[in-house]
Amino acid sequence: MIHAAFLIPLFPLAGFAVLAACGRRLGNPLAGWLATAMVAASFVVTVIVFAGLFESSSHHRSFTQTWWTWFSVDRLHVTASILVDPLSMTMALFVTGVSALIHLYSIGYMEHDGQFPKFFVYMNLFVFSMLILVLGGSFLMTFLGWEGVGVCSYFLISFWFDRPSAASAGKKAMIYNRIGDAGFLLAMFLIFERTGSLQYETVFARLGHVGTGSLTAIALLLFLGAVGKSAQLPLYPWLADAMEGPTPVSALIHAATMVTAGVYLMCRINPILYRAPDAAHVVAIIGGVTAFLGATIACAQRDIKKILAYSTISQLGYMFMAAGVGAYVAAVFLMLTHAFYKALLFLGAGSVIHAMDDEQDTKLMGGLRRIMPITSVTFLIAWLSIGGFPPFSGFWSKGEVLLNAYGFSPLLYALGALTAVLTAYYLGRCYMLVFSGQARWTEARRSGDGHGHGSGGEALHPHDPSWVMTAPLVVLAFCSVFAGFIDLPFHPDLVFLERWLSPVLGDRLFSHHFTASTEILFGVVDGVLAALGIAIAVSLWRTAVNRREVEPAFLQRAWYIDWSYDRLIARGSTLFAGFASAVVETRVIDGAVNGVALIARSAGGALRRAQTGYVRNYALGVMAGLVVLLAYVLSRAFS
Amino acid sequence: MNPAFPFLTVLVLLPAGAALVVAAVPSSARLAVRAVGLAGSLATLGFAIATTVEFSGGRGTFQMVSVHPWISSLGISWSLGIDGISLFLVLMTTVLFPVAFAAAGDQSCDKSFVAWMLVLEAACIGSFLSLDVLIFFLFFELTLVPVYFLISGWGHERRGYAATKFFLYTLAASAFLLVGILALVAIHANETGVTTFDVRQLASTRLSGTEGVVLLLAFTAAFAVKAPIFPFHTWSPDAYRESPAAGAVVLAGVMAKLGTYGIVRFDLELFPRAVVTLAPLILTLGVIGIIYGGIVAAVQRDLKRLVAYSSLAHIGFIVVGAFALTGPALSGAVLQMVNHGIYTAALFLLIAMIYKRLGSFSTADLTGLQSKAPVLAGVFTVTMLASIGVPGLNGFVGEFLILSGTFLTHRWWAVVATAGVVLAAVYLLWAYQQVFHGVPTDREAAFTEMTWREGLYMAPLVAIIVFLGVFPGPVLSRITPSVDRLLEHVEAVAHPRVPALGRPERASTLSVRVGTAEYRATRGGVKAAEANRPEAGK
């Protein structure tokens, strides 16, 4: 039954094909149900394959399924193939699971949208691409999925393309991603040059013959790709803009799955990182700095989705930090738990935005706790999870990361620990602003200060959404609470995830061992840090709405990084391109051509009388001559 | 080797014959004119498909060769042949012409329009099939005349300027080609006592270093203008911009390939040593074209000019692939000629549909078309993504092969060229946002969805874009043997010591150093062995 793995990406692909062909005929909500069913089917197959893999002995948990030869020239032989192993199946499991829930949620969320079927066309294509990304058996197959998810992300961010901001955000995401992709491409050229293959197994088997310099270059180039896809420094600004997309898209693509692709790639190439420690350190440091930076920015945002976006950037930073120090299990563990609680946060935010008639400003919310109990409770659970409060899942996964960071460098640990406090704090602030305190949306409406697209004058009656939207919230909340138990540190028998992934990671698992008492001490510290962040958030924001002192302008403007990119790079290159077009092209290159023509014309002035001067006549003359010649050739040749 | 049926001669003569038939039809019988044009081009497509079926893959040499001596004393003969390099260019040509007819609207009822188009098709096919350098030159020149009349007769506002510029520029460049041909034949005759224009015999001419370089430059002058290669491209934005839809399709889709094909067929075949000598120069021009084309495209406000500059960038990739002299790069370049022909033609056709409805090519006049015509927008998106080089669509395979193959021998050129991949996304997504996103204004209120007829001629192009992206195997497997043969020839001439080193037969194997172990990574590398020494590739 493990050989049914090829069906996993096939279901969403079929869904995409059917919906693209006759989605409009299926209409609303049938198109949504079909799409959801396809992803759910894919999830079921994944579970079956996963179980099959689980039962087979650990040496038989990795195999390649080859479909056809994609292209083959000389030694550059690339097959369309998938690699089934514990790592790819773990990814596939949570990708299909979370995707299915978010598809279900979208049926409710997109209910009133005119482009309902098209939304699901893109969503199914996205799931297909994401599965190709994680299941791909070679760098190039992963790249196929990598680009596929990028394109779907572009489609879905600019889904409401009549809004100029959405259209620009989609384009921005794609261009930032392309910059990273250039790194990915160059890495593949170098890999092929050095090993003669792009297939994961072959490449990894030949690494012993590749010099450290090349390996470092390969790892850093791939990391450039990961930085673009996973919104790390310096290529992160697109993710905040990507919030222009519908909220389920933000949950699925820009929180749970696509943006974690970079982390997956780092885990996949662990044999390379292992041999290129310098590159791995860069990964860890960039990750740590991004985690901190993202968290600081999240502390001062007022748009609920922007808070979550910067939080995602920060959490992804944690994952890179883990991968960089060699703690791949911790990276995957955090990726998993993050998928649950961040998807939950976004879907909760979606419920709120839905109820608030498309208002996203947290300062115009408040007091929703009693009116939207399910959303409120699940959001609270997600907050405690991401904040790392014991025994929620984030406590365990983030604890892993921090412990390993400490083993690498106490400085990195300090950065991570500070970020942990900030994480518990900024989501506490968000929760307080949205769910507790005064209901500010009533006044906002009355004073006609509606930023949303709603019909300003009508009174709002916020309430929990229908079951298609609340059911995913409940399931994700359940996972957010209990997902931590898949990798408990207490006993060697309890580290399920670590043992499961060990065939992929082999002896390259991070080998730092701490005594039990140290581990418990760290656990206590983690819990205290989380409690500290929560306590600050509650005391500061229980009643307040604005606190300038903790929302400085430079944090609201995200350290002015995006702003300076725009000023320096975007405008600079526009000016440069304008110069190239207006001066170099028109004056210099074309000017030279026309100059030559002018000289020829004046020099030919004397001869002009003999000539008609019409190119038309020359053209006809050439034509006549050539035709006569060719006809003559033919008649002679065949006579 | 002569097959019983002269496929190739028929391929050339069929459209020419159809042109004669059109000439005989009275110009008032407009529907008959259209019918003959369409039928003639479709019949040619049928023959091209039959040729493809008849073509036996796995062989690198010319097939279905038909040689009929013309002037024996001068060694000029009507000699046609096809190999993996020309096969798919011919097929692409015969696909694009019926599509161009179908897209031409009322123009396809104009007698002279149809006749010129058919003459052009015959000339293009003839150029791709000629093994005799002089016959090639005649066909190559013959293409100019129909294009001149197509632009000046059915073009847009500044058609006169554009047509004249195109004609004079390319004609001037061709003079170099003619002189080059005659000089080469004279040298060959001096050397062997045999006067011949047959490219297969001329390939064995022994040229001194200087002779080779000068002749290569003379040949390449004509090809560089036709392709076009930076900095000889300035006729192309004007010509593409002012052409009627069908003209732009043929100019960018087919005629540009005459230049790149000429480079592969004649430059590499005839002057291998000079090619190795001048490769850095021409690679540099190709890479500049990629970057420069992308940058200038990014500030164009006119869709057709934008595609023209994007075309400059894509031709740059093909040129880079041709001069990198490795198997993957050259196969990729040949494949990319076909890919570029298909998606550029599709882009011009889509732009023509927009023009037909709104009368403008300017991004400033267009907005919000996606909500008026989602299907048209969808087809545009697929084509655009193919052009950007998204995997799964055809542009990616060619680009990837070119870049990864170039990386083996000319690393830093490949690195810079890879930046072009980013630029393509910048200008095309910008244009898409301007034209298709946003809210339609009153101006676009009447914008209508793609019609069935338009869908009918776009469908094959989209199908090819997807097919070649997912399953290019059948095409590549026919291209590769010819590319290998060509590269072996290049290597044998450029590095004559190679056989003495006891390379295996059909050698041209380059060894990729992987630490201490050596993997035979790529067949057909010329300088690859040097390039893979640690310090090489600078």
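A few remarks follow.
- Pairwise Cα inverse-distance average, inverted: Kirkwood Rh of the stretch B:89-240 (Å): 17.0
- With a 10 Å cut-off around each Cβ of B:387-399, the average count of Cβ atoms from other chains is 4.
- Sorted by Cβ density within 10 Å, fewest first, the residues B:T260, B:T418, A:T574: A:T574, B:T418, B:T260
- Phi angles across the stretch B:309-321 convert, under the Karplus curve 6.51 cos²θ - 1.76 cosθ + 1.60 with θ = phi - 60°, into 3J(HN,Hα) values of 6, 5, 5, 4, 5, 5, 5, x, 4, 5, 5, 4, x Hz, Gly and Pro given as x.
- Sites B:A492 and B:I288, calculated FRET efficiency, Cβ-Cβ separation with R0 30 Å, nearest 0.05: 0.45
- Cut-off under 5 Å, modelled amide H: who pairs with B:F230 long-range: B:G289
- Computed from label points 7 Å out along Cα-Cβ, the spacing between B:A175 and A:Q556 is 6.9 nm.
- Centre-to-centre separation between the Cα atoms of the stretch B:151-193 and those of the stretch B:363-410: 32 Å.
- Stokes-Einstein diffusion for the stretch B:152-286, with the hydrodynamic radius set to the Kirkwood value over Cα pairs and evaluated at 20 °C in a medium of 1.002 mPa s, equals 135 µm²/s.
- Only Cα pairs under 8 Å and 6+ residues apart enter the sum, and on that basis the relative contact order of the stretch B:117-176 stands at 28 percent.
- Residues A:H60, B:H68, B:H188, sorted so that the one with the fewest Cβ neighbours within 10 Å comes first: A:H60, B:H68, B:H188
- Principal-axis tilt of helix B:30-54 within chain B, Cα atoms, nearest 10 degrees: 30
- Taking 14 Å as the straight-line reach from the Cα of A:K398, the aspartates and glutamates in range (excluding those fewer than 8 positions away in the same chain) are A:D487, A:E519, A:D526.
- Computed log₁₀ I(q)/I(0) - Debye formula, equal Cα scatterers, no solvent, the stretch B:52-97, q 0.32, 0.34 Å⁻¹: -1.10, -1.16
- Distance histogram for the stretch A:1-111 (every C-alpha pair counted, 10 angstrom bins, percent rounded to whole numbers): 14, 36, 28, 18, 4, 0
- Spacing of the two label points (7 Å from each Cα toward its C-beta) at B:L358 and A:R601, in nm: 3.5
- When you filter the GluC sites (Glu not before Pro) in the stretch B:110-195 for DSSP loop state and at most 15 other Cβ atoms inside 10 Å of their Cβ, you are left with B:E157.
- The stretch A:360-451: trypsin sites (Lys or Arg not before Pro) falling in loop per DSSP and having at most 16 other Cβ within 10 Å: A:R370
- Counting, for every residue in B:420-430, the Cβ atoms of other protein chains within 10 Å of its Cβ and taking the mean gives 5.
- Overall form of the stretch A:65-183: oblate. Here a/c, set by the Cα gyration tensor axes a ≥ b ≥ c, is 1.5 or more, and a/b is not larger than b/c.
- Magnitude of the charge dipole, the protein assembly as shown, Cβ model with Lys/Arg +1 and Asp/Glu -1, debye to 20: 1500
- Across the protein assembly as shown, Cα-Cα pairs more than 44 Å apart make up 41 percent of the total.
- For B:D106, A:D487, order by how many other beta-carbon atoms lie within 10 Å, fewest first: B:D106, A:D487
- If you look at the Cα atoms of the stretch A:351-427, you get an Rg and a Dmax of 16.1, 48 Å.
- Helix B:473-494 vs. chain B, principal-axis angle (Cα, 0 to 90°, nearest 10): 40
- Prolate/oblate/rounded label for the stretch B:288-342 (Cα gyration tensor, a/c 1.5): oblate
- Cα gyration tensor shape for the stretch B:423-472, rounded if a/c is under 1.5, else prolate or oblate: oblate
- Expressed as a whole percent, the proportion of Cα-Cα pairs in chain B lying more than 44 Å apart is 12%.
- For a straight C-alpha distance cut-off of 15 angstrom, the aspartates and glutamates reachable from B:K304 (same-chain residues fewer than eight places away being disregarded) are B:E157, B:D238, B:E242, B:D365.
- Counted over the stretch B:65-162 with a bin width of 5 Å, the fraction of Cα pairs per bin, in whole percents, is 2, 12, 18, 20, 17, 13, 9, 5, 2, 0.
- Partner lysines for B:K372 [C-alpha distance under 17 Å; skip if fewer than 8 residues away on the same chain]: A:K118, B:K356
- Dipole axis of chain A (+1 Lys, Arg; -1 Asp, Glu on Cβ), positive-most option in A:G625, A:H60, A:I157: A:G625
- With bins 5 Å wide beginning at 0, the percent of Cα pairs of the stretch A:370-413 falling in each bin runs 6, 23, 17, 17, 14, 9, 6, 5, 3, 1.
- Rounded tilt (10° steps) of A:590-603 against the dominant C-alpha axis of chain A: 10
Every number here is computed from the coordinates shown, using simple stated rules; none is lab data. Quick caveat: nothing in here was measured; it's all calculated off a predicted structure. We place every Cβ from the backbone using ideal geometry, glycine too, and count neighbours over all the protein chains shown.
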